[in-house]
Structures are given as C-alpha cells and as structure tokens.
1. Report every pair of residues separated by at least 6 positions or lying on different chains whose Cβ atoms are under 8 Å apart, first residue within the range 424-443 and among the β-branched types (Val, Ile, Thr), second modelled with pLDDT of 95 or more and surrounded by fewer than 19 Cβ atoms within 10 Å (Cβ to Cβ).
2. Are there any pairs with C-beta distances below 9 angstrom linking a residue in the range 96-111 that is on the phi > 0 side of the Ramachandran plot to a residue that is of a type outside the set (A, V, I, L, M), with the two at least 6 apart or on different chains, and if so which?
3. Which residue is modelled with the lowest pLDDT, if the candidates are limited to the range 96-116 and must be within 20 Å of residue 234 (Cβ to Cβ) and part of a loop (DSSP other than H, G, I, E, B)?
4. Identify, please: which residue in the range 121-161 is modelled with pLDDT of 90 or more and among the basic types (Lys, Arg) and is, among those, nearest to residue 200 (Cα to Cα)?
5. Restricting the range 74-107 to residues that are loosely packed, with under 15 Cβ neighbours inside 10 Å and in contact with a helix residue (DSSP H, G or I) (Cβ under 8 Å, 6 or more places away or on another chain), which is farthest from residue 152 (Cα to Cα)?
6. So which residues in the range 121-160 are closer than 23 Å to residue 90 by Cβ, more than 17 Å from the chain's Cα centre (by Cα) and part of a loop (DSSP other than H, G, I, E, B)?
7. Quick one: in the range 243-288, which of the residues that are buried (at least 17 other Cβ atoms within 10 Å of the Cβ) and acidic (Asp, Glu) is nearest to the chain's Cα centre (by Cα)?
8. With the structure loaded, tell me whether residue 335 is free of Cβ contacts under 8 Å to residues at least 60 places away in the same chain, buried (at least 17 other Cβ atoms within 10 Å of the Cβ) and touching a strand residue (DSSP E or B) at 6+ places or on another chain (Cβ under 8 Å) or whether it fails that test.
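The values are calculated or read from the model by the stated rules, or taken from the named source; none is laboratory data. The shown structure was predicted, so the numbers you read here are calculated from the model rather than taken from an experiment. Neighbour counts run over all protein chains shown; Cβ positions are idealised from the backbone, glycine included.
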Amino acid sequence: MASLRWPANPLSTCTRLHKTTRITQLCTRNLSILRRKPLIIPHSLNPLSRDEPVEEEKSPGYRSEDYYPAKPGEVLADRYQLITKLGWGMASTVWLARDMTGYRWQQETVVALKIGNTNCDAEEHELALEGHIPQSDATREGRIFLRTALESFIFESKASRHLCLVYEPMRESLRDFRYRFVDAQIPLVLIKLYIRMLLLGLDYLHSVCRLVHTDLKLDNIMMSFEDPVVLDGFTTLQFQVPMEYKIDSAGRHVYLCHNEFGPLRKARNIPKIVDFGSAIKLNPDAKCIWPIQPHHYRAPEVILGCGWNTGADIWNMGVLLWNLLQGRNLYTQVYDVHGYYSAKSHLAEMIALFGPPPPEMLARAREMRNQTWSPKIRMTGCNGKLSDTAEDLFDGPFFDEEGEFLYPDLIPERKLVDTLPVLEGKDKEMFLDLARNMLVWDPTERLTAAELAEHPALQDN
C-alpha cells in the first residue's frame with residue numbers, strides 16, 4: 001500500500017488554500033451583485049371608487065378573502081416578480097412576471113403566473129390532469145398545440161396557502177384574436193391552418209394522453225405571440241404606465257388588467273388548447289355519463305345519457321367551425337324564453353340540420369336511462385334541480401318508444417347548407433363535408449382527430 005506523504009512546507013499549502021477560499025468568496029459575492037434584482041414598478045396614486053365592482057369582483061359568489069392580494073413589484077417564491085395583471089377568473093388571477101433567475105447580462109424570461117384562490121382544489125385538479133400530458137412523443141406532432149404548466153409552487157399568505165401555476169405567456173384568446181382582422185373575419189387560409197393544428201393537438205390529447213378536454217371554446221384556445229418583440233415592448237411599457245386599481249371593502253387592492261398587446265405585426269401566431277381543469281381521464285372500466293361541455297357545444301350523447309368519450313370533443317370542435325368561419329353559434333335556440341338551457345330545443349335543431357338520430361343510439365339511451373352518477377349535481381343555467389341522471393337533469397325523455405321526437409313543433413326550418421353564407425363553391429362544399437364527419441349523431445361514426453386533420457378541406461393551404 002502506498003505510504004502517505006506530508007508536503008515539504010505544510011504552512012505554505014495552508015496559505016494557498018486560504019487565498020483560494022478568499023478568491024472564491026470574493027467571486028461569489030461579486031456574482032451575487034450581478035444577479036437579477038427586483039425592479040421598481042410604478043403605482044397609481046389615485047384609487048378608483050369603491051362603489052363600482054371591477055374585474056373578479058363581478059364573479060358569482062365573489063369573496064375578497066379568497067383571492068391572493070397580489071401587487072405589482074411583489075416577488076413570489078424568491079424568483080418571480082409580478083409586473084402586471086393579465087386576467088382573472090372565478091378561482092384565480094393571472095399575472096405577467098419576470099423570472100429573476102440568472103444574471104443581468106443573460107436574456108430575461110417572462111412568464112404568466114396563475115395564482116389560485118385559498119381553495120386550491122381547481123388548480124390542483126388542473127395540475128394533476130396536466131400531469132397526464134407527457135412532454136413529447138416522437139410519433140405525434142400535436143404536443144406543441146397544448147399549453148400546460150411549466151412548473152408549479154405553493155406559497156403562504158396571511159390567510160391561507162395558494163397554488164401558483166407557471167405558464168408560457170400567450171397573446172390573447174382566439175375569440176379576441178378574431179378582431180385583429182377586418183370585420184372580425186380571419187382569412188380562410190389561416191382558419192384551415194388553425195383547425196388542422198387544433199385537431200393535431202386533440203389527437204395528442206386523445207391518443208397519447210387518453211384525456212377528453214370537455215370544454216373547448218374560443219376562450220380556451222390561446223394564440224401565441226407572432227414575434228418576441230411584441231412581448232418585449234409590452235413588458236417595457238408596464239414599467240412606465242401604472243395599473244389602475246380600487247381598494248375593496250376588505251382592504252384588498254383589485255387591479256385592472258393590462259392585456260392589450262397592440263396591433264398584429266404578422267400572422268405567425270400558433271393556436272394552443274388551454275385550461276384542462278374540466279378534462280377527464282378516460283377509464284376503460286367506467287362509463288362516462290355525467291354532463292359536460294358548454295351549452296352550445298354539448299354533444300347529443302351527453303344529452304341523451306348514452307355514454308361519451310373522445311368523440312364529444314370532436315362534436316365540440318365541429319360546432320366551433322361556425323364560430324371561426326361565421327363568427328356566430330351554429331345553434332340558435334339552445335335557451336328558452338327564461339334564459340335557461342333547453343335540451344329539447346337543442347335536439348330539435350340538431351334534427352333540423354342532421355336528420356333524426358339513428359335507432360341504435362336511441363336504444364342505447366333507453367338501456368342506460370336509469371344509470372346514475374354520484375353525487376347529484378345542479379347545472380348552471382339548467383332547470384335548477386339536483387339530478388343524478390341525464391334524463392332528469394335535461395328534462396327528458398325526448399323520444400317515444402318508436403324513436404319519434406316528442407316535440408316536433410320545435411324543429412326549425414333550417415338546412416346545414418344555408419348556415420355558411422361566408423363560403424362559396426368548393427370551399428363551402430369541403431367544409432360542409434368536414435363538418436358532417438364531425439357532427440355525426442352516433443359518436444362511434446365520427447372521424448378521429450387524426451383522420452380529420454388529413455381531410456381535404458384542410459390540405460390546400
């Protein structure tokens with residue numbers, strides 16, 4: 001075994017070690033000076049009147065104490081400095097924030113922070129579902145069209161704990177993006193491109209993740225920035241223009257959003273499906289029968305209670321075609337005279353546009369009529385009853401034993417071919433064919449998202 005050797009001059013070695021340690025300490029101290037620090041963000045000196053509700057105060061059941069009292073300039077998790085408020089919802093507010101990791105000479109990153117309310121259930125559910133969306137799959141190109149959280153963290157306020165989700169910032173919703181164009185009409189060549197991208201995103205969600213989104217609408221499709229310069233310029237402006245705010249009755253500052261990013265520089269934006277808080281992970285051993293989807297976009301199998309799966313999203317996307325192409329809803333009589341959702345009127349309009357449902361589908365609905373979900377639910381905008389079956393919730397039945405619709409007087413004089421006046425000739429013919437492959441009564445007969453992405457209507461860009 002080799003013997004140990006002492007250095008000829010142990011004192012000189014200790015001196016060298018001391019010098020090295022000292023240099024390391026000096027370098028570390030100097031580098032810390034060069035790390036990013038919080039910046040000064042201007043504050044408005046004159047709050048708005050308390051009398052007029054603004055922003056999240058308009059939410060049903062609003063409680064000031066549920067929301068985190070975020071303020072511009074504040075730093076969360078020793079990393080993210082809040083710059084400006086971008087949006088709000090019933091369970092959160094969304095802020096643009098600087099990521100202060102790294103050094104001053106490095107490229108700075110900004111993110112969108114979704115700060116959850118004191119009850120984190122909604123954000124925790126959304127985060128759990130996003131966990132089923134893997135970051136990449138070489139066999140599918142649709143992952144880029146789904147926006148999920150980059151990371152998350154929990155922090156404490158005086159009142160409670162809050163879950164914060166970190167996202168890529170987006171320009172605006174597809175609903176707002178439409179108004180960047182003359183007469184809010186997106187050019188057809190872009191609509192075709194966007195629909196194909198969204199279908200590829202849905203294919204990834206359905207095939208790879210086995211998730212059903214259940215809440216597809218223009219508000220839940222966000223458009224990316226066409227150029228990094230747009231976001232850079234907007235961020236710089238926030239350090240010059242303070243946000244207006246009011247102080248509510250509980251003493252909380254409620255800020256007015258800054259989310260106008262200016263004119264569109266070029267049409268290079270990418271649509272991304274967002275908000276997976278209502279998504280459902282499919283279980284092969286369980287039958288999905290509980291109600292889903294916004295009223296205008298609700299699939300017939302949901303109303304009839306005969307079981308739904310990924311095909312419900314396909315129906316939903318089919319109805320969205322009219323929002324994109326015509327700027328209006330396909331269905332015009334989904335509400336009754338009192339403003340409540342009317343399933344029988346909705347079905348009547350489906351019959352007018354697509355003919356009666358197939359007998360096999362009605363037979364399945366009769367077989368599953370007594371299948372229940374738990375707990376009972378009361379749906380917003382419906383009859384107000386606590387229900388555990390689709391028939392009870394939607395005020396069925398709608399068909400007799402022979403398959404005849406019980407409300408023939410509600411069937412309007414409408415034809416599908418007349419619902420797309422904005423299109424003509426071959427474009428109209430192909431889009432109607434695309435729609436007919438999505439808006440099929442029986443979900444087992446609808447094309448998949450992958451098949452629809454290859455439809456001729458979307459291939460001639």
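1. Listed pairs, sorted by first residue: 440/354.
2. That search, which allows pairs on different chains as well, returns 102/35; 102/36; 102/108; 102/109.
3. Only one residue fits best here, namely 107.
4. Top of the filtered list is 143.
5. The residue in question is 105.
6. The answer is 157, 158, 159, 160.
7. Out of the qualifying residues, it is 275.
8. no
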